[in-house]
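Asks: First, the structure itself, so that you have it in front of you.
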Amino acid sequence: MDYTIKKSNDEWRSELGPEKFKVLREAGTERPGTGELLDEERSGTYTCGACNTELFKSGTKFDSGCGWPSFYESVRPEAVELLEDRSLGSVRTEVRCANCGSHLGHVFPDGFGTPTGDRYCMNSISLNFTPAE
Ligand SMILES: [Zn+2]
């Protein structure tokens with residue numbers, strides 16, 4: 001995919017710092033239950049931790065019990081890019097920011113009881129949160 005924002009690994013690394021770089025640019029995963037946004041319950045907007053594009057609204061966040069912030073829907077279908085991920089011996093669907101290609105997490109079809117049935121399982125460190133005014 002041809003992303004709007006293109007930067008070299010060195011540029012990303014110096015801009016994001018080592019922890020964010022590892023998750024956003026090297027598809028790392030933060031430890032469950034540790035993310036800053038896991039228990040965020042205020043109204044507001046979640047944006048990409050690398051390029052600040054709007055990705056999720058607080059109204060679609062739900063408590064999935066999985067240890068990572070979970071959403072049942074992105075703000076617009078084209079805001080995220082979905083890719084097949086065959087790492088770790090299983091087939092999962094990776095979720096990336098469609099604007100800059102940064103790794104956000106995975107989406108699973110087990111958002112039980114939500115309007116879409118999807119669970120966007122996101123790393124806190126991949127997102128920024130802006131509370132509504
Ligand atoms: Zn982005």
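The values are calculated or read from the model by the stated rules, or taken from the named source; none is laboratory data. Small disclaimer: the values here were computed from a predicted structure and weren't measured. As a convention, Cβ positions derive from the backbone with ideal geometry for all residues, glycine included, and neighbour counts pool all protein chains shown. SASA here: full protein model, heavy atoms, side chains in, ligands and nucleic acids out. Shrake-Rupley method; radii C 1.70, N 1.55, O 1.52, S 1.80 Å.
Asks: So, of the residues in segment 87-99 that are surrounded by fewer than 19 Cβ atoms within 10 Å (Cβ to Cβ) and touching a strand residue (DSSP E or B) at 6+ places or on another chain (Cβ under 8 Å), which turns out to be farthest from Thr29 (Cα to Cα)?
Replies: Filtering first and then ranking leaves Val91.
Results for (1) in a loop (DSSP other than H, G, I, E, B); (2) closer than 25 Å to Ala132 by Cβ; (3) not acidic (Asp, Glu), shown as yes or no for each residue.
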| residue | (1), (2), (3) |
| --- | --- |
| Lys7 | yes, no, yes |
| Glu11 | no, no, no |
| Lys20 | no, yes, yes |
| Gly28 | yes, no, yes |
| Gly105 | no, yes, yes |
| Phe112 | yes, no, yes |
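Asks: Moving on. Out of all the residues in segment 5-31, which are more than 15 Å from Leu127 (Cα to Cα), surrounded by 11 or more Cβ atoms within 10 Å (Cβ to Cβ) and of a type in the set (Ser, Thr, Tyr)?
Replies: Ser14 - this is the single residue of segment 5-31 that is more than 15 Å from Leu127 (Cα to Cα), surrounded by 11 or more Cβ atoms within 10 Å (Cβ to Cβ) and of a type in the set (Ser, Thr, Tyr).
Asks: With the requirement that a residue be assigned to a strand (DSSP E or B) and under 14 Å from Lys20 (Cβ atoms), what does segment 90-103 give you?
Replies: Cys97, His103
Asks: Hey, among Thr34, Thr53, Thr45, Thr60, which residue is under 27 Å from Gly117 (Cβ atoms), away from the ligand (no atom under 16 Å from the Cβ), in contact with a Ser or Thr (Cβ under 9 Å, 6 or more places away or on another chain) and open to solvent by less than 40 Å² (accessible area, probe 1.4 Å)?
Replies: That would be Thr60, the only listed residue that is under 27 Å from Gly117 (Cβ atoms), away from the ligand (no atom under 16 Å from the Cβ), in contact with a Ser or Thr (Cβ under 9 Å, 6 or more places away or on another chain) and open to solvent by less than 40 Å² (accessible area, probe 1.4 Å).
Asks: Identify, by number, the condition in (1) surrounded by 13 or more Cβ atoms within 10 Å (Cβ to Cβ); (2) assigned to a helix (DSSP H, G or I); (3) of a type outside the set (Ser, Thr, Tyr) that Glu73 doesn't meet.
Replies: (2)
Asks: Now, a different point. What residue, among those in segment 39-70 that are within 11 Å of the chain's Cα centre (by Cα) and in a loop (DSSP other than H, G, I, E, B), is nearest to Met1 (Cα to Cα)?
Replies: Ranking the qualifying residues of segment 39-70, first place goes to Ala50.
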